[in-house]
Amino acid sequence: MAEKFMNYIDGRWCPADSGEWFENRNPADWDEIVGLFPKSGKSDVDRAVKAAHDAYKEWRLVPAPERGAMLKKAGDIMVERKDELAKNMTREMGKVLAETLGDVQEGIDTFYYAAVEGRRLFSHTAPSELRDKMNLSFRMPIGVAGLITPWNFPMAIPCWKTLPALVCGNTVVFKPASDTPLTATTMVEILLDAGIPPGVINIVHGGGGAVGTSIVDHPDISLISFTGSSLVGKEINSRAGAQLKRISLELGGKNAQIVMDDGDLELALEGVLWGAFGTTGQRCTATSRLILHEAIHDRFVDMLLKAVDNLRVGNGLDTSNNVGPVVNQGQVETVHGYVEIGKSEGADMICGGRQLTDGDHAKGWFYAPTVFTGVTQEMRIFQEEIFGPVLSVVKVKDFDEAVTVHNDCIYGLSSSIYTRNVNHAMRAVRDLEAGITYINGPTIGAECHMPFGGVKQTGNGHREGGWPVYEFYSEIKTVYIDYSGKLQRAQIDNY
Ligand code: NDP
């Protein structure tokens, strides 16, 4: 019998009110049930929100440096548990161990960054226009934060949201993706071990329809932070927007790497392999489009083909493998559907294009790394997010065309250019429509202390990571202190 894990609501671990459970299976080995998790619904969310709402009264008064100190302790615990966490993450969502270790490390980095932020939370002071009067502003907590996360970064993304929410003095109701409930549960466990009080953090497992919408709709949740698909993001935006909640949305991407004729081709090759096939292409920042200058197109495609052929696809726990499974059956079907679309649109599939089912692949959702050449801008495989190991190659004649092709996209998360021409590099920084631009690096590689997010339909303008996320989780209180002992009327008595 598989191990049962619980929700954590109002200071205790508990099953769902429904008494039902859902399975979390290993995508590299269907026979392994990683755990059973509570299939929760509205009543569980209601209890969690009430607990968070009650706990907020006291938590908002805890000094921010003290809140930060708890997060520092939690970071230390996570360091000790790093290997165990990474292995469990590989078991529940498949990406290779080197990457899950990186994901946990990003969580640790975020803990330590948040801990320090507890001693900052800077705001502004400014001189008054009147004598004997002082003007200040402070960052105040907002209330209960509803956090909804995807499965592709099971530790990093929950940490990106939970830790700034807590350090700013909010309490949390957290719904992780149904594909990665174990890592999320462990994050909560670590927070509790570090001293976060009952009710301040609550985790409710279950489906997006039942648990997610109940969080979004609950009137006592003041802010929603969501990372996931654009489809769901739009729905959340309209539902939560109707209640004028504060909403942060981090959504899809269709990121491109440009390689110019003067680029270091070996370096660009390493970059595109990592960007396109790391996390089996299931990153919001994955390289999904490769834009090649015509002078190096054929040579680079040859190099790429040989390198892709050498990628080993298999169970992420085997460190000789480079590419793990796709997360679930639905995602394999989506990926394969796009491969068929690419073929029917007339692109040339030069490798991959099939599910792997032989030998060690027989019990997992493995898909061969796939490359299309001859892709043009009107094709759906050029325009739409696939979220799998599929790369679309486009040929361009010069830098200006590369920028135009890059920007012909509804998304704008990450971008990259390989060039030795400093003018092209600078123009790329200015002209590529994306929240992130890498020069001579792949489209992936975010660091937790820098703002993360995109333009256009990748989101609604907020950023995760770095200092801006603390602005999302707090609001400004402006304070005027008049020590003149008389009524002073701004704009009137001084003019
Ligand atoms: P989904 O949008 O399907 O799910 C994301 C989360 O939302 C899950 O927890 C899901 O629950 C929940 N959910 C689903 N439906 C609803 C609903 N109606 N109301 C509220 N919550 C709901 O995305 P995926 O998990 O498939 O993640 C992949 C997507 O995330 C890609 O589009 C990717 O680009 C994007 N992403 C964006 C990032 C960014 O920073 N821009 C980073 C990482 C991923 P359940 O799991 O139970 O279905």
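The values are calculated or read from the model by the stated rules, or taken from the named source; none is laboratory data. Owing to the predicted nature of the structure, the values given are computational and were not obtained by experimental measurement. No Cβ is skipped: glycine too gets one built from the backbone with ideal geometry, and neighbour counts run over all protein chains shown.
A few notes on this one:
- Residue 434 being in contact with a strand residue (DSSP E or B) (Cβ under 8 Å, 6 or more places away or on another chain), in the same structural domain as residue 279 (by TED's automatic domain parsing) and either within 16 Å of the ligand (Cβ to nearest atom) or within 27 Å of residue 323 (Cβ to Cβ) (or both): yes
- Flag if residue 183 is over 14 Å from residue 48 (Cβ atoms), crowded, with 24+ Cβ neighbours inside 10 Å and within 7 Å of the ligand (Cβ to nearest atom): no
- Subset of region 389-437 that is part of a strand (DSSP E or B) and β-branched (Val, Ile, Thr) - its residue that is farthest from residue 365 (Cα to Cα): 396
- Matching residues, region 195-209, being within 9 Å of the ligand (Cβ to nearest atom) and touching an Asp or Glu at 6+ places or on another chain (Cβ under 9 Å): 205, 206
- Being of a type in the set (A, V, I, L, M), without any contact (Cβ under 8 Å) to a residue 24 or more places away in the chain, more than 22 Å from residue 322 (Cα to Cα) and touching a strand residue (DSSP E or B) at 6+ places or on another chain (Cβ under 9 Å) holds for only one residue in 51, 126, 64, and it is 126.
Matching residues to (1) in contact with a Gly (Cβ under 8 Å, 6 or more places away or on another chain); (2) touching a residue at least 12 places away in the same chain (Cβ under 8 Å):
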site: 396; (1), (2): no, yes
site: 415; (1), (2): no, yes
site: 437; (1), (2): no, yes
site: 451; (1), (2): yes, yes
site: 467; (1), (2): no, yes
site: 474; (1), (2): yes, yes
site: 483; (1), (2): no, yes
site: 486; (1), (2): no, no
site: 490; (1), (2): no, yes
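- Among all positions in region 243-264, there is at least one residue which is free of Cβ contacts under 8 Å to residues at least 24 places away in the same chain, more than 10 Å from the ligand (Cβ to nearest atom) and either in the same structural domain as residue 91 (by TED's automatic domain parsing) or in contact with a helix residue (DSSP H, G or I) (Cβ under 8 Å, 6 or more places away or on another chain) (or both).
- Answer residue from region 437-481, given it is of a type in the set (D, E, K, R) and in contact with a helix residue (DSSP H, G or I) (Cβ under 8 Å, 6 or more places away or on another chain) and is nearest to the ligand (Cβ to nearest atom) among those: 464
- Evaluation of residue 130 against the conditions (1) among the aliphatic types (A, V, I, L, M); (2) closer than 16 Å to residue 109 by Cα; (3) surrounded by fewer than 24 Cβ atoms within 10 Å (Cβ to Cβ) shows that the sole unmet condition is (2).
- From 275, 252, residue being within 16 Å of residue 149 (Cβ to Cβ) and either small (Gly, Ala, Ser) or in a strand (DSSP E or B) (or both): 252
- If you check 378, 340 for being free of Cβ contacts under 8 Å to residues at least 60 places away in the same chain and part of a loop (DSSP other than H, G, I, E, B), only one passes: 378.
- Matching residues, region 198-235, being part of a helix (DSSP H, G or I) and surrounded by fewer than 24 Cβ atoms within 10 Å (Cβ to Cβ): 208, 209, 210, 213, 217, 230, 231, 232, 233, 234, 235
- Checking region 96-108 against the condition returns a match, with at least one residue being buried (at least 24 other Cβ atoms within 10 Å of the Cβ), in contact (Cβ under 8 Å) with a residue 60 or more places away in the chain and either outside the structural domain of residue 172 (by TED's automatic domain parsing) or touching a strand residue (DSSP E or B) at 6+ places or on another chain (Cβ under 9 Å) (or both).
- Odd one out for residue 157 among (1) within 12 Å of the ligand (Cβ to nearest atom); (2) within 25 Å of residue 19 (Cβ to Cβ); (3) buried (at least 24 other Cβ atoms within 10 Å of the Cβ); (4) not acidic (Asp, Glu): (2)
- Condition check for residue 316: touching an Asp or Glu at 6+ places or on another chain (Cβ under 9 Å) and either surrounded by fewer than 16 Cβ atoms within 10 Å (Cβ to Cβ) or farther than 15 Å from residue 290 by Cβ (or both): yes
- Evaluation of residue 5 against (1) over 22 Å from residue 85 (Cα atoms); (2) within 25 Å of the chain's Cα centre (by Cα); (3) not aliphatic (A, V, I, L, M) (one fails), failing number: (1)
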